[in-house]
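The values are calculated or read from the model by the stated rules, or taken from the named source; none is laboratory data. Everything numeric here is computed off the predicted structure, so don't read it as measured data. Cβ atoms come from the backbone with ideal geometry, glycine included; neighbour counts cover every protein chain shown.
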Amino acid sequence: MALPPLETTQYSVEDGIATITLNRPEKLNAYNAKMREELIALFDETDADDNVRVVVVTGAGRAFCAGADLSSGGSTFDRKADAGNLSREALKVGDVYRDGGGTNTLRIYQSLKPVIGAINGPAVGIGATMQLPMDIRMASTQARFGFVFARRGITPEAASSWFLPRLVGMQTALEWCMTGRVFGAEEAHERGLVRSLHEPDELLPAVYALAREIADNTAPVSIALTRQLMWRMTAAPHPMDAHRIDSRSIQARGESADAREGVTSFLEKRPAEFPNKVSTDMPDFFPWWDEPTFK
């Protein structure tokens, strides 16, 4: 399926690395309904394209994402305002409107490809929570972060109450959300929100170098499984849950052409050429979880 025309994002694929760029630089890449829809379409595209091995997400201009577009004024977060808005009505389930940002973070969480955030500038509100389900976040020294929801009279969104404490611990998550203050890249690094800091002109080269390491040396099906194993087992009640699915996964992968190629290429001291594809060769037990129904 062809991608729809993109109005708030840009998309490119080069040598196995897809780049999604939030592209409203005149608005500091402020998030709106169109961006929500385009991000879901783009992650559908990256999952479906076997040429994509890694996804990089960044922002155009000097910001990553300055948060929700507040041009609607005081009714910005009123889900019942602007009756008849088709984008908003599409999120209605019974008498509740789903949080739009959450539909994006859940889609990123479900990604079959690894996702690296290149946080090039201010990342506030949904700009901060959007990046939480990304596997690795690397930031410019000029980036700033803020979980500012309480200062806007709302609460954290985008499933951040699940993601954020897992990344930085409960104490830090609560401090950031209860103060709503904006903080710098150094604090984000010290508290574990981002992996590394880079000078602005060195950020994307460092991100692409890491993406290249993944894309050039690993089996795509193994990466898809590894990503879901790691994320989903963070909520498992007992290590036996991990042992059960590890056992199935190791058995399936051990019988695969990828495993034969991985061992043979190592013994022959040559780069591996993994034949299995995410689109056609995921093991028959995948997905092993029951997708939650929104209620």
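Here is how the numbers come out for the structure above:
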{"quantity": "Residue match in segment 144-159 (condition: under 23 Å from Leu210 (Cα atoms), touching a residue at least 24 places away in the same chain (Cβ under 8 Å) and over 11 Å from the mean Cα position of the chain (by Cα))", "calculated": "yes"}
{"quantity": "Only one of Arg227, Arg191, Arg232, Arg195 that is touching a strand residue (DSSP E or B) at 6+ places or on another chain (Cβ under 6 Å) and among the basic types (Lys, Arg)", "calculated": "Arg195"}
{"quantity": "Check on Ala63, surrounded by 19 or more Cβ atoms within 10 Å (Cβ to Cβ) and part of a loop (DSSP other than H, G, I, E, B)", "calculated": "yes"}
{"quantity": "Single unsatisfied condition, Ala211 versus (1) under 15 Å from the mean Cα position of the chain (by Cα); (2) over 30 Å from Glu14 (Cβ atoms)", "calculated": "(2)"}
{"quantity": "Residues located in segment 134-150, provided they are of a type outside the set (Gly, Ala, Ser), under 21 Å from Ala18 (Cβ atoms) and buried (at least 22 other Cβ atoms within 10 Å of the Cβ)", "calculated": "Met134, Arg137, Met138"}
{"quantity": "Criterion: assigned to a helix (DSSP H, G or I), of a type outside the set (Ser, Thr, Tyr) and surrounded by 15 or more Cβ atoms within 10 Å (Cβ to Cβ) - qualifying residue of Leu225, Leu174", "calculated": "Leu225"}
{"quantity": "Leu210 being touching a residue at least 40 places away in the same chain (Cβ under 8 Å), assigned by TED's automatic domain parsing to the domain that holds Asp50 and either loosely packed, with under 11 Cβ neighbours inside 10 Å or on the phi < 0 side of the Ramachandran plot (or both)", "calculated": "yes"}
{"quantity": "Residues (closer than 17 Å to Thr141 by Cβ and not polar (S, T, N, Q)) located in segment 114-123", "calculated": "Gly117, Ala118, Ile119, Gly121, Pro122, Ala123"}
{"quantity": "Lone qualifier among Arg24, Arg36, Arg62, Arg98 - being of a type in the set (Lys, Arg) and under 17 Å from the mean Cα position of the chain (by Cα)", "calculated": "Arg36"}
{"quantity": "Every residue from segment 23-35 that is buried (at least 21 other Cβ atoms within 10 Å of the Cβ) and either in contact with a helix residue (DSSP H, G or I) (Cβ under 7 Å, 6 or more places away or on another chain) or aromatic (Phe, Trp, Tyr) (or both)", "calculated": "Tyr31"}
{"quantity": "Pick from segment 90-111, criterion assigned to a loop (DSSP other than H, G, I, E, B) and among the polar types (S, T, N, Q), ranking: surrounded by the fewest Cβ atoms within 10 Å (Cβ to Cβ)", "calculated": "Gln110"}
{"quantity": "Unmet criterion (only one of (1) touching a strand residue (DSSP E or B) at 6+ places or on another chain (Cβ under 6 Å); (2) in a helix (DSSP H, G or I); (3) of a type outside the set (Val, Ile, Thr)) for Gln10", "calculated": "(2)"}
{"quantity": "Tabulated pairs, segment 235-256, first in the same structural domain as Ser222 (by TED's automatic domain parsing), second assigned to a helix (DSSP H, G or I) and among the small types (Gly, Ala, Ser), C-beta under 8 angstrom, 6+ apart or interchain", "calculated": "Ala236/Ala242; Arg253/Ser222; Arg253/Ala259"}
